[in-house]
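Novice: The structure's right below; bear with me while I get my questions together.
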Amino acid sequence: MVGSGSYTRDVFNQPLADFADYSNLRRLRQLYRMLDSLDQLAKMGDMTAFAIHCDLTTALQYTGLTNLQRESIQRAYMDGERIVDIAYDMGRDEVSVVDSINGGMKRIRRMLESGQLYNRDESVQESTDGTSA
């Protein structure tokens, strides 16, 4: 659907869909770095970008990540901060920040691959401390 003078147009972006391989951690990290661009594409009617943006933002909020994992991922990939700066600000060593990012990204990958991200079953959802709800 193409809108008259508005942002509305439905576009399926095959190259982006092919790029968005959630099973590939490198690609998943790149997609988080591209989140602002995905948002802009979605606003212009790219439905593929919209779906990926929804998946990534939902995964960041609802996959049972710890606060340290969530904040580290946001700051490293979405804000582009250096690990050393994140570690300093959080009062942690760089290794723990990297471990938090890696653990969080693996958890996000598992949830996206399994389809559990959008499962309404409360037994799948976890609190931020890692215990079942």
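The values are calculated or read from the model by the stated rules, or taken from the named source; none is laboratory data. As the structure is a prediction and not an experimental result, all values here were calculated from the model. Using ideal geometry, Cβ is built from the backbone for each residue, glycine included, and neighbour counts are taken over all protein chains shown. We work out accessible area using only protein heavy atoms, side chains counted, and drop any ligands, DNA or RNA first. Shrake-Rupley method; radii C 1.70, N 1.55, O 1.52, S 1.80 Å.
Novice: Out of the GluC sites (Glu not before Pro) in the range 15-98, which ones are loop residues according to DSSP with at most 16 other C-beta atoms within 10 Å? Don't skip to the answer; put the middle values down first.
Specialist: Numbers: sites: GLU71, GLU81, GLU94; in loops: GLU81.
Filter output for the range 15-98: GLU81.
Novice: At a Förster radius of 22 Å, what calculated FRET efficiency corresponds to the Cβ-Cβ distance of THR58 and ASP10, to the nearest 0.05?
Specialist: 0.60
Novice: Work out how much length MET47 to LEU25 would gain on full extension: take 0.36 nm times their residue separation and subtract the Cα-Cα distance, in nm to one decimal. List each step's numbers first, then the result.
Specialist: Working: separation 22, 0.36 × 22 = 7.92 nm, distance 2.26 nm.
Residue separation times 0.36 nm, minus the Cα-Cα distance, leaves 5.7 nm.
Novice: Pop out the ³J(HN,Hα) list for the range 18-25 in order, Karplus 6.51 cos²θ - 1.76 cosθ + 1.60 with θ = phi - 60°, rounded to Hz; leave Gly and Pro as x.
Specialist: Using θ = phi - 60°, the values come out as 5, 5, 7, 8, 5, 7, 9, 4 Hz.
Novice: How high is the relative contact order of the range 1-122, given as a whole-number percent (alpha carbon pairs under 8 Å, six or more residues apart)? Walk me through the intermediate numbers first.
Specialist: Working: 129 pairs, mean separation 32.8, N = 122.
It rounds to 27 percent for the range 1-122.
Novice: Could you give the length gained by full extension between GLN74 and ASP18, i.e. 0.36 nm per residue of separation minus their alpha carbon distance, to one decimal place?
Specialist: Working: separation 56, 0.36 × 56 = 20.16 nm, distance 2.40 nm.
This chain segment gains 17.8 nm when fully extended.
Novice: Next question. Under 5 Å between amide hydrogens, which residues at least 5 positions from ASN13 or on another chain qualify, with H placed 1.01 Å from N in the peptide plane?
Specialist: Residues meeting the amide H criterion: MET47, THR48, ALA49.
Novice: Carbon and sulfur: what percent of the range 33-126's accessible surface (1.4 Å probe)?
Specialist: Roughly 47 percent, rounded to a whole number.
Novice: Taking the simple approach of a point 7 Å from Cα along Cα-to-Cβ for both VAL84 and SER96, what is their distance in nm?
Specialist: Going by the 7 Å Cα→Cβ label model, 2.0 nm.
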